[in-house]
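Worksheet: one structure, shown below.
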Amino acid sequence: MAENEVKLTKLAKCAGCGAKVGAGTLARLLEGIQVRQDPSLLVGFDRSDDASVYKISEDLALVQTVDFFPPIADDPYLFGQIAAANALSDVYAMGGEPKLCLNIMAVPKDMPPGAVHQLLRGGYD
């Protein structure tokens, strides 16, 4: 399979938000899990929000989010850009300022290295 032959959207049965567990289902799945109490945890998983927020000091808090979803575009570079913008939007939605990021991705063994490179480059750019 050549890099330009990759059809990312054909690698998953669902795409974008359609691949996520709905808020009601997620609430039922989390039901009964004891939430640790920590006065520094300003926003945790017990609130349906875009990210968690942990107070580091009086004037500093860490906004943390992870996004993982199937491709919604076939072009690897474009999908990398979309994925990064989606993750960054969660930080901005919480009033944060992005300082660093972490890529989490799953790709088939036979995906051309050039396509993986383009995914990562799109996210970085």
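The values are calculated or read from the model by the stated rules, or taken from the named source; none is laboratory data. The model shown is predicted, which means the values in this text are computed figures rather than measured ones. Quick reminder, even Gly has a Cβ in these numbers, built from the backbone with ideal geometry, and neighbours come from all protein chains shown.
For this structure, a couple of remarks:
- Complete set of residues in the range 71-125 that are β-branched (Val, Ile, Thr) and either farther than 17 Å from Val6 by Cα or part of a helix (DSSP H, G or I) (or both): Ile82, Val91, Ile104, Val116
- Taking the range 12-22 as the range and being at pLDDT 65 or above and surrounded by 11 or more Cβ atoms within 10 Å (Cβ to Cβ) as the test, only Lys20 passes.
- Pairs meeting the criteria (first residue in the range 23-39 and of a type in the set (A, V, I, L, M), second residue modelled with pLDDT under 85, beta carbons under 6 Å, at least 6 apart or on different chains) are Ala23/Ser48; Val35/Asp46.
- Every residue from the range 39-50 that is modelled with pLDDT of 90 or more and either part of a loop (DSSP other than H, G, I, E, B) or out of contact with any strand residue (DSSP E or B) (no Cβ under 7 Å at 6 or more places or on another chain) (or both): Pro39, Ser40
- Residue match in the range 23-34 (condition: at pLDDT below 75 and more than 22 Å from Leu62 (Cβ to Cβ)): yes
- Lone qualifier among Arg28, Arg36 - being among the basic types (Lys, Arg), in a loop (DSSP other than H, G, I, E, B) and out of contact with any Cys (no Cβ under 7 Å at 6 or more places or on another chain): Arg36
- Residue that is nearest to the chain's Cα centre (by Cα) [pool: residues in the range 51-64 that are in a loop (DSSP other than H, G, I, E, B) and more than 11 Å from Gly96 (Cα to Cα)]: Asp59
- Pair list, Cβ under 8 Å, 6 or more apart: the range 55-84 residue within 29 Å of Pro112 (Cα to Cα), other residue part of a strand (DSSP E or B): Thr65/Ser52
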